[in-house]
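Scroll down for the structure; my scribbles are underneath it.
Since every read-out is calculated from the coordinates, none of them should be taken as a lab result. Given the structure is predicted, the values throughout are model-derived calculations rather than measurements. When we count neighbours, we look across all protein chains shown, and the Cβ atoms used for this are built from the backbone with ideal geometry, even at glycine.
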Amino acid sequence: MANDVDALVSQLTLEEKAALVTGDGFWHTRAIERLGIPAITLADGPHGVRRQPPEQENGIGGSYPATCFPPAVGLASTWDADLVTRVGEALGEESNALDVQVLLGPGINIKRSPLCGRNFEYFSEDPLIAGSLGAALIRGIQSQGVGTSLKHYAANSQETDRFRVSAELDERTLREIYLAGFERAVKDASPATVMAAYNKINGVYATEDHWLLTEVLRDEWGFDGVVVSDWGAVNDRDAGVAAGLDLEMPESQAGPEAIVAAVRSGSLDETALDAAVRNVLRLVFDHAHLVADGSHALKVPDDMVNAHHELAKEAASRAAVLLKNEDDILPLNAGSRIAVIGEFARNPRYQGAGSSQIEPTRLDDALTGIRSMAAGVTFARGFTLDGSADAAELAHEAVAVASDAEVVVVFLGLPSAAESEGYDRERIDLPANQVALLAQVAQANPNVVVVLSNGSAVRISDWEGGARAILEGWLLGQAGGAAIADILFGVTNPSGRLAETIPVKLEDNSAFLDYPARGGRLEYGDGVFVGYRWYDARELPVDYPFGHGLSYTTFEYSGLSMSVDSEDADLAVHVSVTVTNTGSVTGREVVQVYVAAPSEHVRRPAKELRGFRVVTLEPGESQEVDLTLAYRDFAYFHPTLKRWHVESGPVEILVGASSRDIRETGSVELRVHEAVAPLDRQSSLAEWLRHPAGKQVIAGLVQQAAADNPEAAALFESEEMIAMMGSMPLRRIGRFPGIGLTDDMVDGLIAQANAAG
Ligand code: BGC
């Protein structure tokens, strides 16, 4: 294939090359019949296949029916890579049925603020969850031959002004938080394409960022697929080619013209264009055998519809998170008189708005599910989705059914216009009419269970006193209604865990003062302290912590043991813990492993999630859970060495059921060869004294000075003096009267220390 591609490149004219690296219409690559180059089709993604009929390809609406799986917010709450891979396989199968060769997903941007309008399409505030579940989805989709597009690369965590805004952040923050998930997904799952985001990073458009698209993505991480622009993300096409942006989508006239002109004028090297052409051709030929021959209608076959609906239900039932369950009010007794209140019970909100919107093959609502399981069920709307109908009358109806029931299930949530691609939310509160309704219902009957439908965290703290149980239903896809009914009655034991913190209030969030940015610059002043890393650092109370989720059973942790194997880059720390189901029903526990690795040099989070495992246990059953942590799990990105760095010393391993429910703690001593930052003219006395060879050089100086200038030597010997002078560059101390170190002498000492390393 490589040879064929090279041969083809040599036969293409400049105009054909420029055309090949730009789409054909909205969803296809360009065919060049003269040379037998076929076209392939790309489509959204990510939680279903949004293949549009040819006559509707230029609009956002209208697509062939396909299974709507839970969006990423739901999949993430399963913490279950195997399940996510199975969903991916199903997406790959449907892509093939609908003649789609590249499915545009997953989206793994970090949820920095709960306000981001696209959080429902993203996995987590934590890069391990985002990267590992993103990789799991890619593996599943690509196992069916279909390509994926890992998006939106990178730092695309705000929708406001998304086409222009510049994410302003330092390299350590980028590497540890905003790139880490992409790095993991690229290295572990080799997506066929990576989608370059709309925004700029530190003033440079992602689509023109050579460092991002070539140095980091290809040279460091080994990516060998196609970099595709987000739709309409190209600013200067020729600059994009030079930076490593292979394919512009959708079709544009300006793009190929700019490329041709730049090559002709000599400002763009044709070899850069050839590299992009080669990448696109490889993508096309790798997937061309999947292109349908046009003899069949594009349709997901009925047996696949059925099987995938079941899988969508399984995923949804593992995604819902039981936040609270006072006095075990859940599961419900099928014999009880149950009132169901809230329009979402019969008109589910199950996916978000924008390019990811799927036309489902079916749609389950929770009310039908509840009625199929219990006889005495009444219903009141409580509120309407379009604001029509009189609020007082709706509340009156709701209070009437609540008063007559033994237990009330109230469905609350965000209306679909509240969160969408393209804009951000302004607040995280539920609509005021819903909060008021809940208060009235709870007064009539205190046995209230709230089920939530929302794509990103909502404020719960101001109304949770009115609910004895809360089931966070996120957006659960087309089978979410049935999955919720199963959880309410205990047919399924809930096992979802929060992949994002639910704060007490928006003001507590790390991005509160920056977000959203309207002046073109989005400051990431919180640095690596995003999500639980922030709430922990500030010791802020949260409503429900990252990793939290209840079950109808209970689990106990015991016998944490750890051992360190190998050193340096091969560092391996084996962690093992026993988990026991101590309740009376089968349940799934998500065992979470956090690392607390303090540093002398940089401020680090109090703990970071570094591993997790899902175990299913029968009542009374125990299982040993093992996992191995590697060098990177203890590392931070050193701001001046510009590489991953581990410090020797003790680190803590924390194992628990959530970030704030740590059950077992242990400590291991790491011994690594620490790379040291080279000294230079600006290095401070403290840095000289921390540098292994620098320390010797200073000791030598002091010894020399002691003979003829004891006062100057004393400077280096008093601890107080060193504390005070520690931040002063040695070169400047050298200028002080009586010390007399010339620049040349300092340069000599620097060379001596750096050579000894
Ligand atoms: C979105 C992408 C999507 C593309 C194609 C863009 O506006 O940001 O996520 O894949 O459109 O619909």
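In this simple spin-label approximation, ARG603 and SER622 carry label points 7 Å from Cα along the Cα→Cβ vector, and these lie 4.3 nm apart.
Computing FRET efficiency as 1/(1 + (r/R0)^6) for ASP565 and ALA261, where r is the C-beta to C-beta distance and R0 is 45 Å, gives about 0.20. By other beta-carbon atoms within 10 Å, ranking LEU268, LEU179, LEU75 with the fewest at the front produces LEU268, LEU179, LEU75.
Between helix 81-97 and the chain there is an angle of about 70 degrees, using the helix long axis and the longest principal axis of the Cα atoms.
Once the chain from ILE329 to HIS396 is taken as fully extended at 0.36 nm per residue, the excess over their C-alpha distance is 21.6 nm. In units of the compact-protein estimate 2.2 N^0.38 Å, region 1-136 shows a Cα radius of gyration of 1.27. With 31 Å as the limit, the listed pairs LYS187/LYS642; LYS17/LYS299; LYS187/LYS607; LYS151/LYS505; LYS187/LYS505; LYS111/LYS187 have LYS17/LYS299; LYS187/LYS505 beyond it between alpha carbons. Between LYS299 and GLU464, what FRET efficiency follows from the Cβ-Cβ distance if R0 is 56 Å, with the result rounded to 0.05? Using R0 = 56 Å, I get an efficiency of 0.80.
Can you give the helix-only mean residue ellipticity at 222 nm for the chain, where every DSSP H stretch with n ≥ 4 adds -39500 (n - 2.57) and the sum goes over all residues, rounded to the nearest 500 deg cm²/dmol?
Values: 21 runs with 227 residues, N = 757.
Calculated from helices alone, the mean residue ellipticity at 222 nm is -9000 deg cm²/dmol.
Net charge in the neighbourhood of LEU137 (other residues with Cβ under 13 Å of its Cβ; Lys, Arg +1, Asp, Glu -1) is -1. Scoring 576-583, 324-331 by mean Cβ neighbours within 10 Å over their residues and listing the highest first yields 576-583, 324-331.
Between VAL87, LEU212, ALA97, the Cα set farthest toward the positive side of the dipole of region 2-288 (charges on each charged residue's Cβ, about the Cα centre) is that of VAL87. Placing R0 at 30 angstrom, the Cβ-Cβ distance between MET721 and THR665 gives a FRET efficiency of 0.15 after rounding to 0.05. In a fully extended conformation the segment linking VAL291 and VAL491 would gain 67.8 nm over its present Cα-Cα distance, using 0.36 nm per residue. Here the contact order of the chain, divided by its residue count and restricted to Cα pairs under 8 Å and six or more residues apart, works out to 13 percent.
Helix 302-319 and the longest principal axis of the Cα set of the chain meet at an angle near 60°. Converting phi to 3J(HN,Hα) with the Karplus coefficients 6.51, -1.76 and 1.60 and the offset θ = phi - 60°, region 597-609 yields 10, x, 10, 7, 9, 10, 7, 10, x, 4, 7, 9, 5 Hz in sequence order, with x at every glycine or proline. In units of the rule-of-thumb radius 2.2 N^0.38 Å, region 113-172 shows an alpha carbon radius of gyration of 1.30. How many angstrom separate the Cα center of region 636-664 from the Cα center of region 186-257? So the separation of the two Cα centres works out to 32 Å. To the nearest Å, what is the center-to-center distance of region 144-160 and region 402-448, using C-alpha atoms only? The distance from the Cα centre of region 144-160 to that of region 402-448 comes to 32 Å.
Which net charge results for the neighbourhood of LEU394, defined as the other residues with beta-carbon distances under 11 angstrom from its beta-carbon, given Lys and Arg at +1 and Asp and Glu at -1? Kindly include the intermediate steps, with their values, before the conclusion.
Working: positive: ARG381; negative: GLU343, ASP390, GLU393, GLU397.
Within the 11 Å Cβ shell, the charges total -3.
Report, to the nearest 10°, how far helix 254-265 tilts away from the longest principal axis of the Cα atoms in the chain, using its own Cα long axis and a range of 0 to 90°. The angle comes out near 20 degrees. Farthest toward the positive end of the dipole of region 676-747, out of VAL676, GLY694, MET721, is the Cα of VAL676, where the dipole comes from beta carbon charges about the Cα centre. Per residue, the convex hull spanned by the Cα atoms of region 629-739 amounts to 144 cubic angstrom. Counting only Cα atoms, region 2-288 measures 51, 44, 35 Å along its principal axes, largest extent leading. Under 15 Å from the Cβ of ALA345, count the other residues' Cβ atoms, weight Lys and Arg +1, Asp and Glu -1, and hand me the total. Counting the neighbours of ALA345, the net charge comes to -1.
Using only alpha carbons, the chain has a radius of gyration to Kirkwood radius ratio (Rg to Rh) of 1.03. Between the residues PRO331, ILE138, LEU268, the greatest Cα displacement towards the positive end of the dipole of the chain, with unit charges on the Cβ of Lys, Arg, Asp and Glu, is found for PRO331.
Shape summary: region 685-756 maps onto an equivalent ellipsoid whose semi-axes, from the alpha-carbon gyration tensor, are 17, 14, 12 Å in decreasing order. 3J(HN,Hα) couplings calculated from phi for region 694-702 with the Karplus curve 6.51 cos²θ - 1.76 cosθ + 1.60 (θ = phi - 60°) are, in sequence order, x, 4, 5, 4, 5, 4, x, 4, 5 Hz; Gly and Pro show x. The label-point distance for ASN306 and ARG681, in a model that sets each label 7 Å from Cα toward Cβ, rounds to 7.9 nm. Between the alpha-carbon centres of region 1-59 and region 464-528 there is a gap of 39 Å.
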